[in-house]
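What follows is a short report on a single structure.
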Amino acid sequence: MYNHVLNLFDSWRKRLLFKRQFDLFVESSGQLRRNWVPHWQDRYPCLDDATISTGFDRHYIYHPAWAAHVLAGTRPERHVDISSTLHFCSIVSAFIPVDFFDFRPASLILPGLTSKAANVTNLDWPANSVESLSCMHVLEHIGLGRYGDSIDPDGDLKAIRELVRVLKPGGNLLIAVPVGQPRICFNAHRIYDCDEFIRYFEDLNLVEFSLIPDGEAPNGMLVNPPSQLVAAQSYGCGCFWFRKSLV
């Protein structure tokens with residue numbers, strides 16, 4: 001009850017401030033050369049944005065930045081992405097041509113970017129054919145029905161086998177999934193035990209592992225963090241850079 005009253009008071013305070021700011025803006029506009037005065041019926045209150053610092057989704061800011069840094073170093077002629085955030089694909093396509101594939105294809109048109117349909121559990125691609133590949137914050141969803149896909153408890157494992165199959169010898173694979181205390185949050189996502197997840201890619205070599213930890217970490221991402229810290233996460237983000245051997 002107490003919190004409810006506080007929330008009501010805070011909402012009332014913000015709306016009062018909004019009205020005062022509107023009136024001040026109208027009054028100030030009349031003193032300028034531009035005759036551009038806002039109308040009350042056009043108001044669009046954004047009452048929760050005046051924060052001390054800029055908030056952001058830690059998983060979805062840090063992991064695309066991590067992947068972009070890797071690609072800046074590997075410089076593939078072309079990169080293939082399966083279902084990662086469109087922000088990553090669209091920005092990287094300005095520097096490296098990107099082929100984006102998704103179970104639900106995106107109607108996205110940009111120079112350097114193609115967008116097509118594909119099912120990561122059954123890719124119609126030759127083995128050993130993709131030099132540079134990413135599939136980030138995707139595997140944990142597959143088989144849980146969230147995006148209209150079929151219910152399949154082993155959907156993520158089938159997708160992993162396909163990613164490993166199509167990766168070219170010497171090629172790089174970038175993966176991001178939730179890590180920490182393992183559990184299935186049906187129908188949203190899985191959270192993996194980090195060591196067990198790495199074993200799913202036993203045919204590949206782990207080049208780098210980085211962690212986006214729970215909470216506000218002052219250093220952002222941690223490269224090769226202690227295993228105890230990774231295991232203690234509730235919903236950390238593990239970023240895995242794998243490479244297929246040449247032999």
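The values are calculated or read from the model by the stated rules, or taken from the named source; none is laboratory data. Keep in mind that what you see is a predicted model, and the values were worked out from it rather than measured. Note that each Cβ is placed from the backbone with ideal geometry, even for glycine, and that neighbours are counted across all protein chains shown.
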With the first residue restricted to the stretch 31-43 and required to be free of Cβ contacts under 8 Å to residues at least 12 places away in the same chain, and the second required to be among the hydroxyl-bearing types (Ser, Thr, Tyr), Cβ contacts under 9 Å at 6 or more apart or on different chains are ASN35/SER29; TRP36/SER29; VAL37/SER29
Fill in: Check on VAL70, surrounded by 11 or more Cβ atoms within 10 Å (Cβ to Cβ) and either farther than 30 Å from TRP241 by Cβ or at pLDDT below 90 (or both)
no
For the stretch 158-174, pairs from a residue that is in the same structural domain as ALA127 (by TED's automatic domain parsing) and assigned to a helix (DSSP H, G or I) to a residue that is modelled with pLDDT of 95 or more and of a type in the set (S, T, N, Q), with Cβ under 6 Å and 6 or more apart or across chains, are LYS158/THR121; ALA159/THR121; VAL166/SER129
Checked VAL177, VAL120 against criteria (aliphatic (A, V, I, L, M), in contact (Cβ under 8 Å) with a residue 12 or more places away in the chain and within 17 Å of VAL80 (Cβ to Cβ)); the one match is VAL120
*Quick check, is PHE103 modelled with pLDDT of 95 or more and not acidic (Asp, Glu)?*
no
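Matching residues to (1) without any contact (Cβ under 8 Å) to a residue 40 or more places away in the chain; (2) buried (at least 20 other Cβ atoms within 10 Å of the Cβ); (3) closer than 30 Å to GLN181 by Cα; (4) among the polar types (S, T, N, Q):
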site: PRO76; (1), (2), (3), (4): no, no, no, no
site: VAL80; (1), (2), (3), (4): no, yes, no, no
site: PHE100; (1), (2), (3), (4): yes, yes, no, no
site: LEU110; (1), (2), (3), (4): yes, no, no, no
site: SER134; (1), (2), (3), (4): no, yes, yes, yes
site: ILE142; (1), (2), (3), (4): yes, yes, yes, no
site: GLY145; (1), (2), (3), (4): no, no, yes, no
Next item on the list: Evaluate the following for ASP149: is it of a type in the set (Asp, Glu), touching a helix residue (DSSP H, G or I) at 6+ places or on another chain (Cβ under 6 Å) and in contact (Cβ under 8 Å) with a residue 40 or more places away in the chain?
Entry: no
The condition of being in contact with a Ser or Thr (Cβ under 6 Å, 6 or more places away or on another chain) and farther than 22 Å from GLU216 by Cα holds, among SER84, SER90, SER107, only for SER84
Cβ pairs under 8 Å, 6+ apart or interchain, first in the stretch 183-200 and farther than 16 Å from PRO153 by Cα, second among the aromatic types (Phe, Trp, Tyr), ordered by first then second residue, are CYS194/PHE209; ILE198/PHE209; ILE198/PHE240
Matching residues in the stretch 29-66 (touching a helix residue (DSSP H, G or I) at 6+ places or on another chain (Cβ under 6 Å) and of a type in the set (A, V, I, L, M)) number 2
Of the listed residues (ALA67, ALA72), the one being under 17 Å from SER93 (Cβ atoms) and without any contact (Cβ under 8 Å) to a residue 40 or more places away in the chain is ALA72
